[in-house]
Amino acid sequence: MNEPVLKIENLTKTFTLGKRKIQPLSNLDLEVKRGEFTAIMGPSGSGKTTLLNLIGCMDKPTDGRIVIDNMDIARLPESQLCKIRRDKIGFIFQNFNLLPYLNARENVELAMELAGKFKEQRKQRAKDLLATVGLSGREQHRPQHLSQGEQQRVAIARALANDPVLILADEPTGNLDAANKQEIVKLLADLNQKQGATILIVTHDEKVAAHTRRMLFLKDGKIIDEKQGSKSSPS
Amino acid sequence: MGILTRASRNIARRKARALLLIVVLSLALAVITSLPPNIIANQQGNQGLIDQMLGAIQSSSERLNLTATQIDCNLGLQFLHNQGPYKNVTMMVTPFLNISDYANLTSIPEIADVIPMLLYWQPDEENFYFNFTYNGYTYRGFMYIWGIPLEASYLEKFPSVIPTTDTWTFSTKENITAGRNLEAGDRGVVVLQEFIANYFNASVGDTVNILGQNFTVVGIQGTGRYPQYFDIYMNLEDAQKITNTTGQASKLLVFADKVENVDTVENKIKEQYPERLEVTTNKAIINQALENKAEWEKNLQNTQAAVDNLKNTAIMEMGLVVVAQVAIMLFVMLYAVRERTREIGTLKAMGASNSTILGQFMLEGIILSLIAGIIGVVIGTVGASAIGNLLIPRPTDVGFEISVGGQDVAILAMTMPEFILAGLGIAVALGALGSLYPAWRAAKIRPAEAMRHE
């Protein structure tokens, strides 16, 4: 349990906007252990999403190291990064980002299809995962025929599809009403506690963060504070 | 749910746009696929005309070569007061010339050959006369003996010295109706005009006695429209022998090496033999043949220019349509990429590789083009002729034919499997080409940027 799934050292990201340089992250260090449910909080512009993009191999750091599951991904080419995104990371987005032309099962299956899994295998797993998130019987529905809460559940099932070592959730409740927000947070907490999923969640909602075990506070590109949450670890 | 399903569902998701695009692309493909058959139809339609012109030019050239280079040399006609059966009739005869007197002709460099010919008829001698029946009336006529040099070297170069060939100009041109014509090396044989054969009561293979010498009949020449000619054809030496004219000829056929040298040869012969020899060229034939040849060549050039012009027009139009089609596909797919940037980001976040993204967008472009291609081929087939008439109007003054057996040539050509396959192939290729850059752009979008896209 103490083995770090994610280790970040001296992470710096600099953007150039015209002649101006912006540094959303500066010499950031972070370690996330397997099975942790961690929230990263901070005001707008604090670098939360930038950090999540870098951890998720969606962007490349200007400096520093990012080690995911013992692999330094900071300098890997895109051809390798896409495999890490596919095999080791599961994403949950604020806007769900389901493909509207695929039904719920197919959206979940797609992640496995990209990983080259066999049709029957991925079909069954997609069905099981949708059952896990409480969407049995809704497999054939397309996103536009699902509620927002249901859409986010499909997105969670999709994030779990390839059994990732790390689930990254960017404001997963940002577009949900209070009831759905509660449901989704509970679902994530359950996944962490019952299945041991390592979840890193970016949120500015304290109620959401309160369900996590560990809260990190980001400001001006640095972690300025850390608190232990009230929830117990799955161990 | 593979890449094909994703691509086709994406197309189906935007039905109106896909439909509009398919309509535009199918019309473009109808033009692209139907113009080549129209070009072929034009070419086929003109081929007959071109062949006819080429044939006329070739025939004109052959006639020029075979006949127009020929210069007749003989001694001038002489009046002969008949001492024979028609004692009171004065006749014109051509005196014989001694071949050896004109041996120097071959020293004129522009002369290709000198061929002696003998035409012997003797109105003084009773045995040259015979009776024949024509249309129920009995006539009295006399025979002409033709002595022809049957040497292979002459006949190869100047087949016109053989009687009854198309270009033989000395007498009738009637065909051989039985047996065969004279051949190189023939000796002791004759070809008889039909009336004379009847007079001798001879058929092919029979022996006839002419001026005391036996000859085997190898061929009979039809009477045709000119029963007044009663010709006997044989080897020159045989003819000379039986007519006691050894070393003599009634005329020398001089052949210039080329048509352009006929005048030079004529002048040189006249210079060499200023007093006695009558020199006659086939100037009228030359002039007419040259005129005809020039006319046909001009017509041929005009027709070929018209065909080339139509072909170039069609190719230019096809080029424009191809560019337009690729441009339409390019812009539509670029718009799609921009519109679906977030989706691209999502796919990348899930681990889709650049090649997967590239493949999906290209496949969408290809599917759209293929559907448009199928419709375009159908439109192109049905409307091949109409499209051809609209885009490459055919001039009517050069004899274009647009139908074969009552069916439109363009439509016939368009229904050929290779054109249908080519049409579909072009559709796929243009779809791939038009969507290549947008797909590449989609593949190269950085995931973080894609996710930020609103």
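Details
- Here A:147, A:79 are screened, and the one residue that is more than 26 Å from residue B:445 (Cβ to Cβ) and of a type in the set (Gly, Ala, Ser) is A:147.
- Residue match in region B:376-396 (condition: outside any helix (DSSP H, G or I), among the basic types (Lys, Arg) and either within 40 Å of the chain's Cα centre (by Cα) or at pLDDT below 80 (or both)): yes
- Residue B:236 being modelled with pLDDT of 90 or more, closer than 30 Å to residue B:109 by Cβ and in the same structural domain as residue B:112 (by TED's automatic domain parsing): yes
- Of all positions in region B:350-361, at least one carries a residue that is modelled with pLDDT of 80 or more, outside any loop (DSSP other than H, G, I, E, B) and of a type in the set (A, V, I, L, M).
- Criterion applied to A:38, A:14, A:62 was being hydroxyl-bearing (Ser, Thr, Tyr) and under 22 Å from residue A:174 (Cβ atoms), and the one residue passing it is A:38.
- Scan of region B:211-227 for residues that are touching a Phe, Trp or Tyr at 6+ places or on another chain (Cβ under 9 Å) and modelled with pLDDT of 90 or more, ordered by number: B:217, B:219
Residue-wise test of (1) assigned by TED's automatic domain parsing to the domain that holds residue B:342; (2) more than 22 Å from residue B:365 (Cα to Cα); (3) at pLDDT below 90.
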residue	(1), (2), (3)
B:413	yes, yes, yes
B:420	yes, no, yes
B:424	yes, no, yes
B:430	yes, no, yes
B:437	yes, no, no
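- Residues that are more than 17 Å from residue B:348 (Cβ to Cβ), crowded, with 22+ Cβ neighbours inside 10 Å and within 17 Å of the chain's Cα centre (by Cα) do not occur anywhere in region A:75-87.
- Pairs where the first residue, in region B:299-328, is in the same structural domain as residue B:34 (by TED's automatic domain parsing) and the second is outside any helix (DSSP H, G or I) and among the basic types (Lys, Arg), C-beta under 9 Å, 6+ apart: B:306/B:394; B:310/B:394
- Every pair of residues 6+ apart whose Cβ atoms lie under 6 Å, when the first sits in region B:231-254 and is in a strand (DSSP E or B) while the second is among the small types (Gly, Ala, Ser): B:231/B:171
- Region A:120-131, residues that are away from chain B (no Cβ under 12 Å) and without any contact (Cβ under 8 Å) to a residue 24 or more places away in the chain: A:120, A:121, A:124, A:127, A:128, A:131
- Of the residues making up region A:74-116, just one is among the basic types (Lys, Arg), over 25 Å from residue A:185 (Cβ atoms) and in contact (Cβ under 8 Å) with a residue 24 or more places away in the chain, namely A:86.
- Total residues in region B:9-57, condition buried (at least 17 other Cβ atoms within 10 Å of the Cβ), closer than 26 Å to residue B:380 by Cα and within 14 Å of chain A (Cβ to nearest Cβ): 2
- Leading residue by the ranking (farthest from residue B:425 (Cα to Cα)) among those in region B:336-379 that are more than 8 Å from chain A (Cβ to nearest Cβ) and of a type in the set (Ser, Thr, Tyr): B:341
- Criterion: among the small types (Gly, Ala, Ser) and either in contact with a Pro (Cβ under 8 Å, 6 or more places away or on another chain) or at pLDDT 90 or above (or both) - qualifying residue of B:294, B:284, B:202, B:289: B:202
- The strands (runs of 3 or more DSSP E) falling completely within region A:1-119 that include 2 or more residues that are of a type outside the set (Val, Ile, Thr) and facing another protein chain (nearest Cβ under 10 Å) map to A:89-92.
- Single unsatisfied condition, residue B:266 versus (1) in contact (Cβ under 8 Å) with a residue 40 or more places away in the chain; (2) surrounded by fewer than 17 Cβ atoms within 10 Å (Cβ to Cβ); (3) not assigned by TED's automatic domain parsing to the domain that holds residue B:177: (2)
The values are calculated or read from the model by the stated rules, or taken from the named source; none is laboratory data. Predicted, not measured: the structure shown is a model, and the values here were computed from it. Don't worry about glycine lacking a Cβ; one is built from the backbone with ideal geometry, like all the others, and counts go over all protein chains shown.
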